[in-house]
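Student: Once you've had a glance at the structure underneath, I'll fire off some questions.
Any read-out appearing in this document is the output of simple, stated calculations on the displayed coordinates, not a laboratory observation. The model shown is predicted, which means the values in this text are computed figures rather than measured ones. Note: ideal-geometry Cβ built from the backbone for every residue, glycine included; neighbour counts use all protein chains shown.
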Amino acid sequence: MKIATLAPFTLITISFNTLALDVKQRFDHLDKDKNGYLSVEELASQPHLQKHMAKWDTDNDQQISLLEFKHYLTNKS
């Protein structure tokens, strides 16, 4: 009985960890200068991301942090 209860929890945990790793890998791939932020220039190769940058730049600093990027990827509609 305990194994049946533990299995879904384990799968959910693995799923969240995989999602987090995927987001970080995407972010790191785009962060060409490795400063921890995505600039307009770095997003030039991704016009679909650059087009919506102002919408997900929540602190209006003209760059995208990993947290803002994660929020965009997991909450886009």
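Student: If you take the charge dipole of region 24-77 about its Cα centre, with +1 on Lys and Arg Cβ and -1 on Asp and Glu Cβ, which of Val40, Ile64, Thr74 is farthest toward its positive end?
Tutor: Thr74
Student: Once a ≥ b ≥ c are taken as the square roots of the eigenvalues of the Cα gyration tensor of region 22-71, is the result rounded (a/c under 1.5), prolate (a/b larger than b/c) or oblate (a/b not larger than b/c)? Provide the component values of the computation, followed by the final result.
Tutor: On the way: a/c = 1.37, a/b = 1.17, b/c = 1.17.
Taking the square roots of the gyration eigenvalues as a ≥ b ≥ c, region 22-71 is rounded.
Student: For the residue pair Asp61 and Gln46, what label-to-label distance in nm results when each label sits 7 Å from Cα along the Cα-to-beta-carbon direction?
Tutor: 1.8 nm
Student: Given a Förster radius of 35 Å and the C-beta distance between Lys32 and Asn75 as r, what FRET efficiency does 1/(1 + (r/R0)^6) yield to the nearest 0.05? Display every interim value, and only then the final one.
Tutor: Values: r = 25 Å, r/R0 = 0.71.
The pair Lys32/Asn75 has a calculated efficiency of 0.90.
Student: Would you list, by chain and number, the lysines whose Cα falls below 21 Å from the Cα of Lys70, excluding same-chain residues fewer than 8 positions away?
Tutor: Within the straight-line cut-off, Lys70 pairs with Lys24, Lys32, Lys34, Lys51, Lys55.
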